[in-house]
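Working notes, structure below.
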Amino acid sequence: MKLPITCPSCEAELKVQSLLCDKCQTNINGSFDLPVFLKLDLKEQNFIMDFVQTSGSLKVMAQQLNLSYPTVRNMLDDLIGKIDTLKNK
Amino acid sequence: MNKNIYNPFNKIAGVQALGIGLTAIIIISIIAHFSGVTFPSIISAQTGTNAMSIPRLLVQNLGHWIIFSTIIYLFGVFASKSHIRAIDIFGTIAVSRIPFILFSFLGFLPIDGITQKISAAVKTNPADPNLLSDVPLSEISILIVFALLTLAIAVWVIALMYNAFRISSNIKGEKSAILFIVAIILSSIFSYFYEIMIVRLIP
């Protein structure tokens, strides 16, 4: 199931209010920020996973995604820009 | 329309693009030699000229490609936040010459004879309402087809060149459009001097 990261009503960023231990049913309530990784959309998260799994090789990623090297590099640079923006919020 | 026709650079770049592009430039130079087409700058082509030798056409085509690619590479180095590669710029710009293969074939159409006939009629009696009555409909049709194809090829070349620049340098929006136009203007100026100082010296 896809984790919602923005409010469906006003599109504001969501926070984590409750965490549950599945083993002992302990419930922790609070107001926690989502980690930056989870604030990215699924496609971007998958891109980061692929990047790590190919040991950071854009050439290998380009081959796997059937895209050109500069296209993959541009995707990575756009992602870096987005992460910088999210971190500075 | 298939997006790859005007933007294949999401799939092709680097050495592969350079190989395809250089092959295209060689093919263009060979066809243009036989059809009497020349390429005075990066975005212009002329028919009805005296046929150039294949080595001269190669020097002409390669020179304009190198001039434009060098300019946009320098723009990319200074204006892009990405670490750009020269091989991507030179490769993708070489690929964007491909539509000139079609234009080289247009040189086989008897455009020069038709335009000479029309301009002679205009000079003789410009006020004559039946000015073009002596020009056969088939020849006017050829002229119209030539004009439409030339326009389509020009749009295609510019779209390919712009996308090559945009993707290889990762410069977006208004900035990319402005830098692209400046690059075209600068390369046209440099190409003019290149034509005079280098191309005309080749037999």
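The values are calculated or read from the model by the stated rules, or taken from the named source; none is laboratory data. Predicted, not measured: the structure shown is a model, and the values here were computed from it. Cβ coordinates were reconstructed from backbone atoms using ideal geometry, including for glycine residues, and neighbour counts include every protein chain displayed.
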Picking from B:Ala177, B:Ala183, B:Ala164, B:Ala147, the residue that is within 14 Å of chain A (Cβ to nearest Cβ) and either touching a helix residue (DSSP H, G or I) at 6+ places or on another chain (Cβ under 9 Å) or under 24 Å from B:Val95 (Cα atoms) (or both) would be B:Ala164
Filter segment B:19-39 for residues that are polar (S, T, N, Q) and closer than 19 Å to B:Leu106 by Cβ; the one that is modelled with the highest pLDDT is B:Ser29
Condition set more than 12 Å from chain A (Cβ to nearest Cβ) and β-branched (Val, Ile, Thr), scope segment B:74-105, selection farthest from B:Ala24 (Cα to Cα): answer is B:Val77
Discussion item. Condition first: assigned to a helix (DSSP H, G or I), more than 30 Å from A:Leu76 (Cα to Cα) and either of a type in the set (Phe, Trp, Tyr) or in contact with a Gly (Cβ under 7 Å, 6 or more places away or on another chain) (or both). Can you find one or more residues in segment B:135-151 that meet it?
Written reply: yes
Output for Cβ contacts, cut-off 9 Å, separation at least six or different chains, first residue farther than 16 Å from A:Pro35 by Cα in segment A:1-14, second surrounded by 10 or more Cβ atoms within 10 Å (Cβ to Cβ), reads A:Cys7/A:Glu13; A:Cys7/A:Leu14
Heads up, the helices (runs of 4 or more DSSP H) in chain A (entirely inside) with at least 1 residues that are within 14 Å of chain B (Cβ to nearest Cβ) and within 13 Å of the chain's Cα centre (by Cα) are A:69-87
Selection from segment B:159-174 of residues over 15 Å from B:Ile71 (Cα atoms) and either under 16 Å from the mean Cα position of the chain (by Cα) or surrounded by fewer than 21 Cβ atoms within 10 Å (Cβ to Cβ) (or both) yields B:Ala159, B:Leu160, B:Asn163, B:Lys172, B:Gly173, B:Glu174
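So that you can scan it fast, the table gives a plain yes or no per residue for (1) within 25 Å of B:Asn4 (Cβ to Cβ); (2) free of Cβ contacts under 8 Å to residues at least 40 places away in the same chain:
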site: B:Leu62; (1), (2): no, yes
site: B:Ile67; (1), (2): no, no
site: B:Ile72; (1), (2): yes, no
site: B:Gly91; (1), (2): yes, no
site: B:Ile101; (1), (2): yes, no
Restricted to segment B:11-33 and to residues being surrounded by fewer than 18 Cβ atoms within 10 Å (Cβ to Cβ) and under 10 Å from B:Ser104 (Cβ atoms), the residue nearest to the other protein chains (Cβ to nearest Cβ) is B:Ile27
The condition of being over 18 Å from B:Ile12 (Cβ atoms), crowded, with 21+ Cβ neighbours inside 10 Å, hydrophobic (A, V, I, L, M, F, W, C) and in contact with a strand residue (DSSP E or B) (Cβ under 8 Å, 6 or more places away or on another chain) holds, among B:Phe39, B:Phe75, only for B:Phe39
